[in-house]
1. Given that just one value was derived from the coordinates, which of (i) 17.8; (ii) 25.7; (iii) 18.7 is mean projected area of the Cα convex hull in nm²?
2. Across the stretch 146-291, how many lysine pairs, 8 or more positions apart or on different chains, have C-alpha atoms separated by under 26 Å? Please give the number.
3. Using per-residue counts of other Cβ atoms within 10 Å, averaged over each peptide, order 195-205, 175-185, 160-170 from highest down.
4. Could you pull out every one of the aspartates and glutamates with an alpha carbon less than 15 Å from that of K320, ignoring same-chain neighbours closer than 8 positions?
5. Per residue, how large is the accessible surface of the chain? Use a 1.4 angstrom probe and give square angstrom.
6. What list of ³J(HN,Hα) couplings, whole Hz, do you get for the stretch 170-184 from phi and the Karplus terms 6.51, -1.76, 1.60, once you set θ to phi - 60° and write x for glycine and proline?
7. Can you compute the label reach from A352? Point 7 Å from Cα along the Cβ direction, backbone N cut-off under 17 Å, restricted to the stretch 43-71.
8. Taking amide hydrogens as modeled 1.01 Å from N in the peptide plane, which residues meet the under 5 Å criterion relative to I161, leaving out close sequence neighbours?
Amino acid sequence: MTEPTNLQNSQSSLHKIQRLMRESIGELAPYCQFITLFLLALLAERTVSLPWIASVLPTGATEESNRKRIQRFLDDARVTPIAFAKIIVRFLPSCPWILVMDRTNWFWGKSPINLLVLAVYCDGVAIPLLWEPLPRDGASDTGQRIALMKQFLDLWGSKRIAYLTGDREFIGADWIAWLKRARIPFRLRLRVDDLVRDRKGKIYEVAALFSRSMQCRKGQFLLWGTWVYLGGKPLSGGEHLIVASSDPGNLLEDYRNRWSIECLFQALKGRGFHLEETRVVDPDRVSRLFGLLVLAYLLCVCIGQSLPQTLCKATKRARKSIARQGLEVAHRVALWLLGPPSDLEIRWFLQALIPCKT
């Protein structure tokens, strides 16, 4: 019996990948073939630059046809962040989630690209679950945050939330009051000059409560009309880390999980898929492109979690992040599945190495 060739093995694996994708892709099943091929091209090229992806998209069509096919997908109003979220949630644990809210923004020329992201902290990494393009540069407002959280509550309810954490951008009287009414536990960082009042009516700047050491105050303080617990510590350079919480506990340890979303944005940008290289600026198109990128990142995380971890002897930490390890494996597999270069391309490459004799 003739042994199967490497090309036959790759084609068989590609068909298996499409079949597995179809089983988990839910309402985006009509786009299964396109999404599978796009993810492979994205993992192989490690950039969201659409011309690069179109040049390797294994459809058998011309590069220009591939670009038009990508544009049609990005223009399809039926492809929503919620449709992506329903795929992502299938790969998350069913226990209550630690939610991290943050914003990432960059410019293409003079055009601002601004995304409000709600992610789930899971095993040391943040996985984007819902996101909303913001129409302008700058911080999000209370209405935009509440709208994003209402999407989450409509899909999964407040019982799926362990707590929500966010940086100093995500504070304000109306926002904290709404979280309290919606019964969403929170761990939010405060500014050092925010004012609170104790049970006796005495007013403090929050930094004054944590001038010497790390601690969590036992009693509650009134912050913008809402009673909260406070934890904090002084940092170098005169700064302070101060966290307001709806519940008592180890607030600073809980807040540390917020940093996972910073690592996420680094992985999506310069350390992974170079998100800032996209020339897509329309908010709806950016949202759909971000959804494809999140699926690729999720695949890398799932691969990385299954790999043995190599620890550095000095720091006792993994030498590479889970997402980075998974990306390296996914990159090599994607290159193999996309196939080798043609004989003509190899000939062009070899001819370029011959020095000019004139």
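1. (ii)
2. So the count of such lysine pairs works out to 13.
3. Numbers: 195-205: 12.2, 175-185: 16.6, 160-170: 20.2.
Listed from highest to lowest mean packing, they are 160-170, 175-185, 195-205.
4. List returned: D123, E328.
5. Ligands and nucleic acids excluded, the result is 53 Å² per residue.
6. 9, 9, x, 4, 5, 5, 5, 5, 5, 4, 5, 5, 7, 6, 9
7. Residues passing the 17 Å test: 45, 52-53, 55-56.
8. Amide H neighbours of I161, under 5 Å, 5+ apart: W97.
The values are calculated or read from the model by the stated rules, or taken from the named source; none is laboratory data. The structure presented is a predicted model; accordingly, all values stated were derived computationally and were not measured. Ideal geometry is used to build each Cβ from the backbone, glycine not excepted, and the neighbour counts take in all protein chains shown. With ligands, DNA and RNA removed, areas are computed over all heavy atoms of the protein, side chains included. Shrake-Rupley method; radii C 1.70, N 1.55, O 1.52, S 1.80 Å.
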